[in-house]
Each structure stands twice: as structure tokens, then as C-alpha cells.
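Chemist: For reference, the structure I am asking about is given below.
The values are calculated or read from the model by the stated rules, or taken from the named source; none is laboratory data. Please read all numbers here as calculations on a predicted model, not as lab measurements. Glycine gets a Cβ as well: all are built from the backbone with ideal geometry, and neighbour counts include every protein chain shown. Surface areas here come from the heavy atoms of the whole protein model, side chains and all, with no ligands, DNA or RNA. Shrake-Rupley method; radii C 1.70, N 1.55, O 1.52, S 1.80 Å.
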Amino acid sequence: MKKIYGIIRKLGATSKYKGYFFVADAIYLAMHYKDKPIMITKDIYPYLARKYKTTPVNIEHNIRTVISICWETNRKGMDEMVGYRLTYRPTNSEFIDMVAYYLSEKDQIRCIHSSL
């Protein structure tokens, strides 16, 4: 989780936003269940709503707020993460997938270098 929090902070969002924790948990779930497709509205939002004792709509809204903060604060960082220039603010599911993929790729590269 520490790496996930670090990436979100580098993109410009801090823990003062409720969505900071929601998006971090969503990314964590996406990274650990990558063998099967996860539907954000049917799998992630309801799970997080139960965990945080709120509604799926609130989870979705707060995650969207954090993504907007990241988009406005560090669009260049988001571009570097995906490897090309983004022309629009990513949706919640796109952002979660983007960060999950970035972190898993980073870990795979680290494993390859340590085995050489």
C-alpha cells in the first residue's frame, strides 16, 4: 500500500481527501485480482462501501474527485505513467487500471534486474 499511496501523492492528491484511501484500496484490489476482470461498479465500489460504511455512489464520487485533483495538479506525471500524452481526464476505472498496471510493471522490472 505504501507504493500506492506514494504514487497518488506524486500525482498531487493527499490524504485530506476521502477518495485518497478509496482509490488506494481500489488500486490494491485491481493489482491483486488481475487474473480475472474486476468490474468497478459491481465489485470494487460495493466492497469499499461496506468497508468504509458508506454508499457506492459516495465511493465513486470521492474517487473521481481525487482523479480530478491529480489531473489538474500533475497531468505530466500521468502522461509519463501511461507512456503517452493523455487527451482527457481518465475515468475512475481507467485511472485505477493505469496505476495498477504501472506499479505491477515497475515491480516486474525490479524482479528482472535483481535476478540478473
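Chemist: Test of understanding: among P37, P46, P90, P56, which residue is at negative phi and at pLDDT below 95? Let's see the steps before the verdict.
Modeler: Numbers: P46 fails: at pLDDT below 95; P90 fails: at pLDDT below 95; P56 fails: at pLDDT below 95.
Checking each option against the conditions leaves just P37.
Chemist: Of all residues in region 14-34, which are among the aliphatic types (A, V, I, L, M) and at pLDDT 95 or above?
Modeler: Pass one, region 14-34, residues among the aliphatic types (A, V, I, L, M): 23-24, 26-27, 29-31.
The answer is V23, A24, A26, I27.
Chemist: Let me ask something else. Going through region 57-68 one residue at a time, which ones are open to solvent by 60 Å² or more (accessible area, probe 1.4 Å) and farther than 24 Å from K10 by Cβ? If you could, list the steps in order and put the result at the bottom.
Modeler: From region 57-68, those open to solvent by 60 Å² or more (accessible area, probe 1.4 Å) are 57, 61, 64; that's our starting set.
Hit for region 57-68 is V57, nothing else.
Chemist: I want to confirm something. Restricting to region 1-13 and keeping residues that are open to solvent by 50 Å² or more (accessible area, probe 1.4 Å) and either not hydrophobic (A, V, I, L, M, F, W, C) or not in a loop (DSSP other than H, G, I, E, B) (or both), which single residue is farthest from Y45 (Cα to Cα)? Full working, then the answer.
Modeler: Filtering region 1-13 down to residues open to solvent by 50 Å² or more (accessible area, probe 1.4 Å) leaves 1-3, 5, 9-10.
Next cut, either not hydrophobic (A, V, I, L, M, F, W, C) or not in a loop (DSSP other than H, G, I, E, B) (or both) only: 2-3, 5, 9-10.
Numbers: K2: 21, K3: 22, Y5: 19, R9: 22, K10: 24 Å.
Only one residue fits best here, namely K10.
Chemist: Among the numbered conditions (1) open to solvent by less than 90 Å² (accessible area, probe 1.4 Å); (2) touching a residue at least 60 places away in the same chain (Cβ under 8 Å), tell me where D97 comes up short.
Modeler: Of the numbered conditions (1) open to solvent by less than 90 Å² (accessible area, probe 1.4 Å); (2) touching a residue at least 60 places away in the same chain (Cβ under 8 Å), the odd one out for D97 is (1).
Chemist: Which number in (1) open to solvent by 60 Å² or more (accessible area, probe 1.4 Å); (2) at pLDDT 95 or above marks the one condition that W71 misses?
Modeler: (1)
Chemist: Considering only region 21-56, state which residues are within 13 Å of the chain's Cα centre (by Cα), of a type in the set (F, W, Y) and surrounded by fewer than 20 Cβ atoms within 10 Å (Cβ to Cβ).
Modeler: Those that are within 13 Å of the chain's Cα centre (by Cα), of a type in the set (F, W, Y) and surrounded by fewer than 20 Cβ atoms within 10 Å (Cβ to Cβ): F21, Y28.
Chemist: Report whether or not K42 is outside any helix (DSSP H, G or I), farther than 20 Å from V82 by Cα and without any contact (Cβ under 8 Å) to a residue 24 or more places away in the chain. Please lay out each step first, then the result.
Modeler: Details: outside any helix (DSSP H, G or I): no; farther than 20 Å from V82 by Cα: yes; without any contact (Cβ under 8 Å) to a residue 24 or more places away in the chain: yes.
In short, no.
Yes/no matrix, rows are residues, columns are (1) among the aromatic types (F, W, Y); (2) assigned to a loop (DSSP other than H, G, I, E, B); (3) closer than 18 Å to L103 by Cα; (4) touching a residue at least 60 places away in the same chain (Cβ under 8 Å):
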{"residue": "F22", "(1), (2), (3), (4)": "yes, no, yes, no"}
{"residue": "K36", "(1), (2), (3), (4)": "no, yes, yes, no"}
{"residue": "P46", "(1), (2), (3), (4)": "no, no, no, no"}
{"residue": "E60", "(1), (2), (3), (4)": "no, no, no, no"}
{"residue": "R64", "(1), (2), (3), (4)": "no, no, no, no"}
{"residue": "C70", "(1), (2), (3), (4)": "no, no, yes, yes"}
{"residue": "E80", "(1), (2), (3), (4)": "no, no, yes, no"}
